[in-house]
Amino acid sequence: MPFESHAAREELIDTVLHLATRRIVIVADTLGPRWNQSGRIETVRSFCLASPRNTLQVVVRDAQPIRRQCPRLLQLALTFGHVITMRCPRPETGLPGDAWLVVDEEHCGHQFHIDHPRGGAGTHLPAMAKPLAARFVELWAGSDPVRTGTTLGL
């Protein structure tokens with residue numbers, strides 16, 4: 001299903017996230033304020049609680065907006081550190097010009113370029129999801145952890 005706007009993209013992300021049973025991978029420039037809204041946070045919380053073996057892995061170019069705009073997501077990352085992991089690519093790795101979300105290697109959303117909201121998404125499309133998941137593995141290997149915890153002072 002194609003999308004042509006940021007709002008349509010966000011709706012499709014919510015639809016695909018609800019289908020998650022094992023693994024969610026995300027590649028994006030950053031995660032915006034929609035990742036702090038109660039509906040999406042509850043979806044992620046439910047996913048985290050469903051099984052300690054579930055994983056949500058995120059690679060973002062810029063983690064600063066997440067720190068400023070997504071305190072609920074960061075709290076979930078602290079609470080469910082065994083499920084949620086965030087990374088930033090090393091300079092030599094770089095981040096691709098597109099963005100995507102893959103759920104259970106079967107459902108996905110793919111924004112063709114990070115500067116434009118055009119893209120496609122679908123459920124029950126492993127032929128579309130698996131190549132994106134394979135690209136994610138390579139990107140994950142060339143990335144470093146994002147600190148999501150709090151700074152301790154003495």
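The values are calculated or read from the model by the stated rules, or taken from the named source; none is laboratory data. Here the structure is a predicted model, which means the values were calculated and not measured. Please note: Cβ atoms are built from the backbone with ideal geometry, for glycine as well, and neighbour counts cover all protein chains shown. Accessible surface is based on the protein model in full, side chains and every heavy atom, while ligands, DNA and RNA are left aside. Shrake-Rupley method; radii C 1.70, N 1.55, O 1.52, S 1.80 Å.
Taking only alpha carbon atoms, the range 37-117 gives an Rg to Rh ratio of 0.96, where Rh is the Kirkwood radius. Looking at the range 1-55, the pairs of alpha carbons with a distance over 19 Å make up 29% of the total.
With the convex hull of the Cα atoms taken as the outline of the range 77-154, the averaged projected area works out to 7.1 nm².
Here the contact order of the chain, divided by its residue count and restricted to Cα pairs under 8 Å and six or more residues apart, works out to 29 percent.
Looking at the chain, the accessible area is 53 square angstrom per residue; that uses a 1.4 Å probe and ignores ligands, DNA and RNA.
Return one number: the angle in degrees, 0 to 90 and rounded to the nearest 10, between the long axis of the Cα atoms of helix 6-17 and the longest principal axis of the Cα atoms of the chain. Roughly 80 degrees, rounded to the nearest 10.
Between the residues Leu95, Leu74, Pro126, the greatest Cα displacement towards the positive end of the dipole of the chain, with unit charges on the Cβ of Lys, Arg, Asp and Glu, is found for Leu74.
Using heavy atoms of the protein chains and a probe of 1.4 Å, the accessible area assigned to Leu49 is about 110 Å². Between Leu19 and Gln75, the simple spin-label model (points 7 angstrom out along Cα→Cβ) gives 3.0 nm. The HN-Hα couplings worked out from phi for the range 87-97 by the Karplus form 6.51 cos²θ - 1.76 cosθ + 1.60 (θ = phi - 60°) are 9, 10, x, 5, x, 6, 7, x, 10, x, x Hz, whole numbers, x standing for Gly and Pro. Considering the chain at the alpha-carbon level, its Rg and Dmax are found to be 14.6, 53 Å. For the chain, the carbon plus sulfur part of the accessible surface works out to 55%, probe radius 1.4 Å. Ranking Val25, Thr15, Met86 by how far each Cα lies toward the positive end of the dipole of the chain (charges on Cβ) leaves Met86 at the top.
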